[in-house]
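S.K.: Got a structure for you, questions after.
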Number of protein chains: 2
Amino acid sequence: MKKNSSKLKIIPLGGLNEIGKNMTAIEYKDEIIIIDCGLSFPEDEMLGIDIVIPDITYLLKNKDKVKAIFLTHGHEDHIGALPYVLKKINVPIYGTKLTLGLVEFKLKEHKINNLKLQVVKPGQNIKKSNFEVEFIRVNHSIPDACAIAVHTDMGILFHTGDFKIDHTPIDKDLMDFGRIAEIGSKGVLLLMADSTNVERPGATMSERTVGSNLDEIFGGAKNRIIVATFASNVHRLQQIINSAHKYHRKVVVSGRSMVNVVGVAGELGYLQIPEGILIDINDMGNYNESELVIITTGSQGEPMSALSRMAAAEHRKLEVQPGDLVVISANPIPGNEKLVSRVINQLFERGAEVIYEALADIHVSGHACQEELKLMHRLIKPKFFMPVHGEYRHLKQHGELAVELGMPKKNVLIGSNGAILEVEPNSAKFAGTAPSGNILVDGLGVGDVGNIVLRDRRHLSEDGLMVVVVTISRESGEIVAGPDIISRGFVYVRESEDLMQNAKLIVRKSLEDCSDRQMKEWSYLKNLIKDELRNFLYQKTKRNPMILPIIMEV
Amino acid sequence: MKKNSSKLKIIPLGGLNEIGKNMTAIEYKDEIIIIDCGLSFPEDEMLGIDIVIPDITYLLKNKDKVKAIFLTHGHEDHIGALPYVLKKINVPIYGTKLTLGLVEFKLKEHKINNLKLQVVKPGQNIKKSNFEVEFIRVNHSIPDACAIAVHTDMGILFHTGDFKIDHTPIDKDLMDFGRIAEIGSKGVLLLMADSTNVERPGATMSERTVGSNLDEIFGGAKNRIIVATFASNVHRLQQIINSAHKYHRKVVVSGRSMVNVVGVAGELGYLQIPEGILIDINDMGNYNESELVIITTGSQGEPMSALSRMAAAEHRKLEVQPGDLVVISANPIPGNEKLVSRVINQLFERGAEVIYEALADIHVSGHACQEELKLMHRLIKPKFFMPVHGEYRHLKQHGELAVELGMPKKNVLIGSNGAILEVEPNSAKFAGTAPSGNILVDGLGVGDVGNIVLRDRRHLSEDGLMVVVVTISRESGEIVAGPDIISRGFVYVRESEDLMQNAKLIVRKSLEDCSDRQMKEWSYLKNLIKDELRNFLYQKTKRNPMILPIIMEV
């Protein structure tokens, strides 16, 4: 047996010190299983980036060891990196029916077909030689969400996934407290638990409370109702459909991901859709305004979403009009506040009535608040605890919550992506690191945009650029054409002709002052042009455009 | 007398459908006075822009009519555009002592010296021929804030400025309810009132509540205390100094604007600074950690602020260390949430304890909530009402609040920047528009960055650029040098040599396929290069860099 191979290792590849991109590898006796495989959305400074996925170098290096991926639920931050990871490591994927339904849809879009999807029922155990992986039902803002218990001969690891406690869930699928308590009684070696809402005291309200508020709103509405929410929040969709049904309204589904989820969830039986209630967007004209509900994407103010397009009158088939009632059934995710606010303003300006978080209780979180977290800790009673799914502030405070409940401080392990946690029956410690970080996806490129490209994009975004081209004679070393100057994103050229003329003069002058020898050293010439121009432009404008000198030789 | 010249006109030049950049012109009998002259901070899509100021074309066209500027208080969104406006219209400026103290400091920084600053006391009246302008004390998050009543022979206009009601203000300067009620009883023609917090029910807490919480926090602290807050919140600074004094700590002031405000406010008597309590940052080493409080800028997570630099260990003189207690005594302004969160994470990672809005009541707003607004409406009892200082959603809801209080709907006037409101004793209507909008300030340039430059910056920020240079013989029309390709912000060139080589081949090929005649039509050639390259690059990368073809002739 190889050295160290019998250590039980937890290798977080995403989701620590960040919200999103959740992915955890568990390695034991030369086998690796993976819990979740999510993406995150780019930070503001990741200019032009589409999505961010985890660095899986460690898994690629240990490719033969990787046995399976287990998914806790079907949100993008738990499944969104699959199309990229599966292209490199094609292992079986285990998850509940809805989760895999969403995965299948996504992978087909990416034209990945040789799938090994294994549907699991909550309560079921999957044996993978050294691991026995158990799915345990929890509540969350998507149906069919599970915690995962990994049974090993070293002990039990318990990963909550994303969860909240809902004693009156819409689908009546209660969190499996009994089994969680039972596992807790057996003795759990390590708990990994969702930290997203650790700063919020009390408990998250039941999804059902939203339903009764929606009912009231629907009951009072006279014209069209437009409800924006997260496409994946199938329970919310169900409640909107229920309210529509109650008030004899037809339902139009708008926005690509909304159409997708309604399709998948409806087909798999997660949405109860009354016969004939769904109508095509093109048939809206056949109904009175009081007979219509439109369910749409765009609750985060995303500029290209259906709601934003309706609000800006850029939607081909649907325009918000005076009298419409728009319900934004979601809270802005941090960072999206201004986008959401902009859409709300546009909707009001178009004469719609708008109901949003500041005005009514029409959204609940999908994550456990402090009292729910405490219950989880009390039931699991773990020996060691590693908070997951949160920024550093959340992880730290979740650790403090565990200590408050009686856990010795040294048994709380605040990790970070790539920090390998070695667990033994009586000890847990960080030992070594795996490569980890953000792999940026931009168009077809995966990982080809790095710091240099981003630095240049940032520079260009702030001050634009100036290109200087000059053609030099190979023989005489003299300027034979140019200098020509082109700028973009710097100043409005037509109003800055003087500046441009003077810039040309400065370049010409500095080149003319060069000796014959200097004229042959292009790197010297380029730096000269850059320096002279930079100083001149900064003095005149207090701006620093990127300067690109190009020298041609004929 | 000229036609229309006896109309009383309100011309909002900023502050409607936006938070910030407050500026209102009032025109009557060929005279114009201005209330406030503020800036706003750039929206995300205003790439590279430093600040935004109002369009004052209308004032420049009517320059001779402009008689004075009246300032309600010293916040940037009320005084920040003065340096730019005064360069074009130099009229007397009226304001309270602290307001003008801050203005003077700012104008000196901009090297504007020929100032006509007129200090006014709250309660004082300024006669400007057709106008009598009265300053009335209100509460706000800066001392010396006033509402302004403009008395004319047509009636009284009442502008609240920014306000809240604080029955226990730190400086004991109570809002002048008596005078406000008196003016209300005389009959107010038009009320313009702050709408910022109209979505919040109830009333804003007194600034004093923050003091007692700070006291408690200071009392329990063992090591250094670092408090970040808005520099202009002099009452907050006073309370921090009070708590420091109570617990025998010295105070270090950090951050440029904090140093400025403490200087100005201290000098003018708005800050009571106990003898010897302020120490220089360089003398910190002479004290124990338990004897120090640092007051700093950076409560909004601004990347270059003192707190951000301390948290990132980039501050020359001060580094956050384990055991430090950092209090962020401010709420994130919408749009700043992620920046603030990042600083909080960094502070925690450096081992500091951090107290912020989610964890304690250490901030109160400076703006009136619903019940306070209602009191203002009840006291003023205006005939007409135009909500100001808010996005459209706020203006609309403030209008609804007025209707709820009994105002006829037709007397509520939801305006927008540039929409001229004509007021008569028995009517108020929008009639005509003045030029209005955002003038972008970038470096020394005021208004030279417009939509084209921003569109280019945006394009560059998302996909970077590719410059293609080719030199063509004037005589033969043949390529004599190039095509050369340079890219920035597009792909990492060293890893994309194939792509670049192929791009060159494509350019060369398309040029070689051109006829002699086509080779002389540069616009044709440039478009050809753009089209061919765009298609090729999009197919290979699904990205759309800006393509800049440059043709040189020798």
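The values are calculated or read from the model by the stated rules, or taken from the named source; none is laboratory data. Computed from a predicted model, the values in this text were never measured in an experiment. A quick note on method: Cβ atoms are made from the backbone with ideal geometry, for glycine too, and the neighbour counts reach across all protein chains shown. Surface accessibility is based on the protein's heavy atoms, side chains included, excluding ligands, DNA and RNA. Shrake-Rupley method; radii C 1.70, N 1.55, O 1.52, S 1.80 Å.
S.K.: Give the share of C-alpha pairs in each 10 angstrom bin for region B:351-466, from 0 to the last occupied bin, in whole percents, shortest bins first.
M.R.: Final binned percentages: 10, 25, 21, 22, 17, 4, 0.
S.K.: For the protein assembly as shown, with only Lys/Arg (+1) and Asp/Glu (-1) charged at the beta-carbon, what is the dipole magnitude about the Cα centre, in debye rounded to 20?
M.R.: 80
S.K.: Turning to a different aspect of this structure: Ranked from the most accessible area to the least, with a 1.4 Å probe and all protein chains present, what is the order of A:296, A:209? Write down the numbers at each step before the final one.
M.R.: On the way: A:296 0, A:209 45 Å².
Most to least solvent-accessible, the answer reads A:209, A:296.
S.K.: Here is a follow-up. For residue A:125, place a label point 7 Å from Cα along the Cα-to-Cβ direction in every copy; what are the distances to the other copies, in nm, shortest first?
M.R.: List, nearest first: 9.0 nm.
S.K.: Further question on the same structure: If you average the sequence gap of Cα pairs under 8 Å that are 6 or more apart and divide by the length of region A:451-553, what percent do you get for the contact order? Provide the component values of the computation, followed by the final result.
M.R.: Numbers: 132 pairs, mean separation 38.7, N = 103.
Value for region A:451-553: 38 percent.
S.K.: Quick one: accessible surface of residue B:137, probe radius 1.4 Å, all protein chains present, in square angstrom to the nearest 10.
M.R.: Answer for residue B:137: close to 40 Å² accessible.
S.K.: Once you average over the residues of B:462-468, how many Cβ atoms of partner chains fall within 10 Å of each Cβ? Don't skip to the answer; put the middle values down first.
M.R.: On the way: counts 7, 6, 9, 10, 0, 7, 1.
The per-residue average across the peptide is 6.
S.K.: For a quick protection proxy, order the peptides A:111-117, B:397-403 by their average other-Cβ count within 10 Å, most packed first.
M.R.: Numbers: A:111-117: 11.4, B:397-403: 20.0.
The peptides rank, most packed first, as B:397-403, A:111-117.
S.K.: What percent of all Cα-Cα pairs in region B:8-119 falls in each 10 Å bin, counting up from 0?
M.R.: 15, 49, 31, 5, 0
S.K.: Have a look at A:333, A:270, A:282 and report the one farthest towards the positive end of the charge dipole of region A:207-355, computed about the Cα centre with Cβ charges (Lys/Arg +1, Asp/Glu -1).
M.R.: Ranked along the dipole, the leading option is A:333.
S.K.: With an 8 Å cut-off on Cα pairs and a minimum separation of 6 or more residues, tell me the relative contact order of chain B in percent. Don't jump to the answer; show the numbers that get you there.
M.R.: Values: 1175 pairs, mean separation 84.5, N = 554.
Once normalised by length, the contact order is 15 percent.
S.K.: Considering amide H positions built from the backbone, and no H for Pro or chain starts, which residues 5 or more places from residue A:156, or on another chain, come under 5 Å of its amide H?
M.R.: The answer is A:189, A:190.
S.K.: Modelled label-to-label distance, residue B:517 and residue B:112, 7 Å Cα→beta-carbon offset: nm?
M.R.: Distance between the two pseudo-spin positions: 6.0 nm.
S.K.: Antiparallel DSSP bridges in region A:25-95: what percent, to the nearest 5? Write out the running numbers ahead of the final one.
M.R.: Values: 5 of 11 bridges.
Within region A:25-95, antiparallel bridges account for around 45 percent of the total.
S.K.: Hey, another quick one. Farthest toward the dipole's positive end in chain B, which of B:259, B:452, B:229, given Cβ charges of +1 (Lys, Arg) and -1 (Asp, Glu) about the Cα centre?
M.R.: Result: B:452.
S.K.: Residue B:353 accessible area, nearest 10 Å², 1.4 Å probe?
M.R.: 110
S.K.: Work out the length of the dipole vector of region B:451-553 about its Cα centre, built from +1 on the beta-carbon of each Lys and Arg and -1 on the beta-carbon of each Asp and Glu, and round it to the nearest 20 debye. List each step's numbers first, then the result.
M.R.: Working: 17 positive and 16 negative charges, 93 e Å.
Roughly 440 debye for region B:451-553.
S.K.: Using modelled backbone amide H atoms (1.01 Å from N, in-plane), which distant-in-sequence or interchain residues come within less than 5 Å of residue B:299's amide H?
M.R.: Long-range HN contacts for residue B:299: B:229.
S.K.: How big is the antiparallel share of DSSP beta bridges in the protein assembly as shown, given as a percent to the nearest 5?
M.R.: Numbers: 98 of 188 bridges.
Here the share of antiparallel DSSP bridges comes out near 50 percent.
S.K.: I would also like to ask the following. Assuming R0 = 22 Å, what is the FRET efficiency of residue A:427 and residue A:30, from their Cβ-Cβ distance, to the nearest 0.05? Present the calculation step by step, with values, prior to reporting the outcome.
M.R.: Details: r = 21 Å, r/R0 = 0.96.
E between residue A:427 and residue A:30, to the nearest 0.05, is 0.55.
S.K.: Return the percentage of antiparallel bridges among DSSP beta bridges fully within region A:425-554, rounded to the nearest 5 %.
M.R.: On the way: 9 of 17 bridges.
Around 55 percent antiparallel, to the nearest 5.
S.K.: Starting from the Kirkwood Rh over alpha-carbon pairs, what translational D in µm² s⁻¹ does region B:135-265 have by Stokes-Einstein at 20 °C and 1.002 mPa s? Intermediate values should be presented prior to the final figure.
M.R.: Details: Rh = 16.9 Å.
Using the Kirkwood radius from Cα pairs, D works out to 126 µm²/s.
S.K.: Among the trypsin sites (Lys or Arg not before Pro) within region B:173-259, which fall in a DSSP loop and have no more than 12 other Cβ atoms within 10 Å of their own Cβ? Intermediate values should be presented prior to the final figure.
M.R.: Numbers: sites: B:179, B:186, B:208, B:222, B:224, B:236, B:246, B:249, B:250, B:256; in loops: B:222, B:224, B:249.
Answer in residue order: B:222.
S.K.: Let me ask you something else. If one computes the Cα centroid of region A:88-156 and of region A:369-409, what distance in Å separates the two points?
M.R.: Cα centroid of region A:88-156 versus Cα centroid of region A:369-409: 25 Å apart.
S.K.: On C-alpha positions alone, give me the angle between the axis of helix A:497-512 and the longest principal axis of chain A, in degrees, nearest 10.
M.R.: 60
S.K.: Starting with the highest mean, order B:301-309, A:271-279 by the number of other Cβ atoms within 10 Å, averaged over the residues of each peptide. Show your work: numbers first, answer last.
M.R.: Working: B:301-309: 21.2, A:271-279: 13.1.
For the peptides B:301-309, A:271-279, the packing ranking is B:301-309, A:271-279.
S.K.: Can you give me the three principal axis dimensions of region A:207-355 from its C-alpha atoms, in Å, biggest first?
M.R.: 37, 33, 29
S.K.: Continuing with the same structure: Let me know the mean shielding of B:344-354 by other chains, meaning the per-residue number of their Cβ atoms within 10 Å of its Cβ. Kindly include the intermediate steps, with their values, before the conclusion.
M.R.: Working: counts 3, 9, 2, 2, 8, 6, 0, 0, 0, 1, 3.
If you average over the peptide's residues, the count of other-chain Cβ atoms is 3.
S.K.: Which whole number gives the average count of other chain Cβ atoms within 10 Å of the Cβ atoms across peptide B:198-210?
M.R.: Details: counts 1, 4, 1, 2, 0, 0, 0, 0, 0, 0, 0, 0, 0.
Across B:198-210, the average partner-chain Cβ count within 10 Å equals 1.
S.K.: Quick one: go through region A:154-196 and flag any residue whose amide nitrogen is under 12 Å from the point 7 Å out along the Cα-to-Cβ line of residue A:132.
M.R.: A:154-156
S.K.: OK, next. Return the whole-Å distance between the Cα centroid of region A:17-69 and the Cα centroid of region A:501-532.
M.R.: Computed from Cα coordinates, the inter-centre distance equals 49 Å.
S.K.: Given the convex hull of the Cα atoms of the protein assembly as shown, what is a quarter of its surface area in nm²? Provide the component values of the computation, followed by the final result.
M.R.: Values: hull surface 202.2 nm².
Approximately 50.6 nm², given one-decimal rounding.
S.K.: A follow-up question, please. Suppose every K and R has +1 on its Cβ and every D and E has -1 on its Cβ; what is the size of the dipole of region B:1-158 about the Cα centre, in Debye to the nearest 20? Could you put the intermediate results ahead of the total?
M.R.: On the way: 21 positive and 19 negative charges, 183 e Å.
My answer is approximately 880 debye.
S.K.: While we're here: Return the ratio Rg/(2.2 N^0.38 Å) for region A:451-553, where Rg is computed over Cα atoms only. Walk me through the numbers before you get to the answer.
M.R.: Numbers: Rg = 13.9 Å, N = 103, 2.2 N^0.38 = 12.8 Å.
So the Cα radius of gyration is 1.09 times the expected 2.2 N^0.38 Å.
S.K.: So how compact is chain A: Cα radius of gyration and Dmax in angstrom?
M.R.: 28.6, 89
S.K.: Continuing with this model, one more query. Amide H to amide H under 5 Å from residue A:355: which residues, 5+ apart in sequence or cross-chain, H placed 1.01 Å off N in plane?
M.R.: Result for residue A:355 returns A:326, A:327, A:328.
S.K.: Work out how far the C-alpha atoms of region A:210-290 reach from end to end along every principal axis, then list the three figures in whole Å, largest first.
M.R.: Between the extreme Cα coordinates on each principal axis of region A:210-290 lie 32, 30, 21 Å.
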